[in-house]
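The values are calculated or read from the model by the stated rules, or taken from the named source; none is laboratory data. Please read these numbers as outputs of a predicted model, since none were measured by experiment. Please note: Cβ atoms are built from the backbone with ideal geometry, for glycine as well, and neighbour counts cover all protein chains shown. Accessible surface areas use protein heavy atoms only, side chains included; no ligands, DNA or RNA. Shrake-Rupley method; radii C 1.70, N 1.55, O 1.52, S 1.80 Å.
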Number of protein chains: 2
Amino acid sequence: MCQLLGMNCNVPTDIAFSFEGFRRRGGLTDEHSDGWGIGFFEAGAWRLFLDYLPSATSPVADFVRAYPIKSLNVLAHIRKATQGQLSLANTHPFRRELWGREWLLAHNGNLPELRYAGQRFRPLGDTDSEQAFCLLLDRLSAEFSTMPDTIALFAAIRRITAELAKAGSFNVLLGVEDLLFAHCSTQLHYLIRKAPFRHAHLADADVSINFAECTTPNDRAAIIATLPLTDNEAWIRLEPGSLTLFRAGQVELAG
Amino acid sequence: MCQLLGMNCNVPTDIAFSFEGFRRRGGLTDEHSDGWGIGFFEAGAWRLFLDYLPSATSPVADFVRAYPIKSLNVLAHIRKATQGQLSLANTHPFRRELWGREWLLAHNGNLPELRYAGQRFRPLGDTDSEQAFCLLLDRLSAEFSTMPDTIALFAAIRRITAELAKAGSFNVLLGVEDLLFAHCSTQLHYLIRKAPFRHAHLADADVSINFAECTTPNDRAAIIATLPLTDNEAWIRLEPGSLTLFRAGQVELAG
């Protein structure tokens, strides 16, 4: 299995603190050492870093940690391979363009019953996760010729993710522009950081931050993770079978 | 205008030496300071680094220089904006998936007469270059439902690039897996490095390398660049209006 991390904010924010705890699960505090990836939405496209080395020791992860990139929407994944070889083509997040917009998907779970060769969207690698991404985009593209409004998009993604979840477990983060969709099949948590800001302490390292010192009162950030990243904040467990849409650092739609 | 750099090899090779000279043209020895990008083909996908900062000073370029990645096929671009804002969505190389394969394109030139909104493939940003890429992939996708053989693919790309070149100037590198297509509209040079290997000296910095010390006798690499990168090797000028396909470090098809 793998681990997911998402961040969705109302002002561009760096993810250095959460990423520091998260990356340690890739080979140091946990066993997810079969590669990792992180995407930052930025000016119409995603800035994506991928590596099939463990995130705890990857030089690309050192670079991302040392060069904090501010973004409204961030999506990351560390991999414990269940299907597919160790390769760049099998490293999440996957990306595709649909309706002139770039989409990113990362998956935690296993879909042993899924076999999908793709139509318009076809997998580069041999993971169940990328097959699921291609199926989802093929369906959306068949249903809408341009980007629909958020309510119609949410309803369609709700229906398709529920169908995919029948093939196994499908905890997923799906990002497009400033929208972050989170489908929970078995395990996914979130919290909203907003004023009054306090200290936070990582669960995976003895590292603290006082968010009051690096935020303004209007800042808001939703953090979504497979398992809580801090041990002194109130993480909310998402309901199995639910889809949640985050925008501007808060829940916009859920069901 | 922009500058292009490609490398196509028969064994995975690092591009550190050529990249060092090339990146200096992005804000140091030349004026191409509106961003840059480089893609390395690796295990079924392209590892792509993009930045809209000048390549001479970009932290991402420092990282790429310090962490040499070996690849059979490399494609890079530094930008002097003619159309489109400075943003990640407007930074070359652009990428798309077609037939379950990932394609990369970088363009040097200007297509003032091109207006293409896209069909299946639509631009993320607002450059003429990405419009041309979408047009090329839309045409290929309409003509073939799966990847054709190399001769048929070359003929189709030859026809589409010739048509695009009528809209202005279209010097282009197009990469898919181990294939590197180079279309020359006005200016593009290449050389093949193979045994016996010698010293090479960069044109943009007083840096030399003795390739005899870091190669084996069977190694072969084609380097393609807008302008020669070294001042003591015999670069070959590509014919305006020609398309050349490089594979395994040599010219496979040309016309």
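Could you tell me which residue of the range B:150-160 is surrounded by the fewest Cβ atoms within 10 Å (Cβ to Cβ), considering only residues that are over 14 Å from residue B:180 (Cα atoms) and touching a residue at least 12 places away in the same chain (Cβ under 8 Å)? Going through the qualifying residues, I end up with B:156.
What residue, among those in the range A:161-189 that are of a type outside the set (Asp, Glu) and open to solvent by 50 Å² or more (accessible area, probe 1.4 Å), is farthest from residue A:39 (Cα to Cα)? So, considering only residues that are of a type outside the set (Asp, Glu) and open to solvent by 50 Å² or more (accessible area, probe 1.4 Å), the one farthest from residue A:39 (Cα to Cα) is A:166. State which residue is nearest to the chain's Cα centre (by Cα) when the search covers only the range A:69-87 and only residues that are open to solvent by 20 Å² or more (accessible area, probe 1.4 Å) and under 24 Å from residue B:86 (Cβ atoms). The qualifying residue nearest to the chain's Cα centre (by Cα) is A:72.
For the range B:121-130, the condition of being crowded, with 23+ Cβ neighbours inside 10 Å, within 12 Å of another protein chain (Cβ to nearest Cβ) and outside any loop (DSSP other than H, G, I, E, B) holds for at least one residue.
Which members of the range B:58-88 meet the condition of being small (Gly, Ala, Ser) and either within 14 Å of residue B:126 (Cα to Cα) or in contact (Cβ under 8 Å) with a residue 60 or more places away in the chain (or both)?
B:71, B:76, B:81, B:84, B:87
In the range A:185-208, the residues that are under 30 Å from residue A:168 (Cα atoms) reach residues that are among the acidic types (Asp, Glu) and modelled with pLDDT under 95 with C-beta atoms within less than 9 angstrom, at least six apart or across chains, in these pairs: A:191/A:233; A:203/A:231; A:204/A:20; A:204/A:30. Among the numbered conditions (1) open to solvent by 10 Å² or more (accessible area, probe 1.4 Å); (2) within 14 Å of another protein chain (Cβ to nearest Cβ), the only one that residue B:192 does not meet is (2). For the range A:73-94, the set of residues classified as within 13 Å of chain B (Cβ to nearest Cβ), touching an Asp or Glu at 6+ places or on another chain (Cβ under 6 Å) and more than 27 Å from residue B:117 (Cα to Cα) consists of A:84, A:86, A:88, listed by residue number.
For the range A:220-249, a tally of residues being under 13 Å from residue A:181 (Cα atoms), part of a strand (DSSP E or B), in contact (Cβ under 8 Å) with a residue 60 or more places away in the chain and open to solvent by 10 Å² or more (accessible area, probe 1.4 Å) returns 1. What number of residues in the range A:95-115 are within 12 Å of another protein chain (Cβ to nearest Cβ) and either part of a loop (DSSP other than H, G, I, E, B) or open to solvent by 10 Å² or more (accessible area, probe 1.4 Å) (or both)? Residues flagged as within 12 Å of another protein chain (Cβ to nearest Cβ) and either part of a loop (DSSP other than H, G, I, E, B) or open to solvent by 10 Å² or more (accessible area, probe 1.4 Å) (or both) within the range A:95-115 amount to 7. Among the residues of the range B:159-166, none qualifies, meaning not one is assigned to a strand (DSSP E or B) and at pLDDT 95 or above. The set of residues from the range B:35-68 being more than 10 Å from chain A (Cβ to nearest Cβ) and open to solvent by 10 Å² or more (accessible area, probe 1.4 Å) comprises B:53, B:54, B:56, B:57, B:65, B:68.
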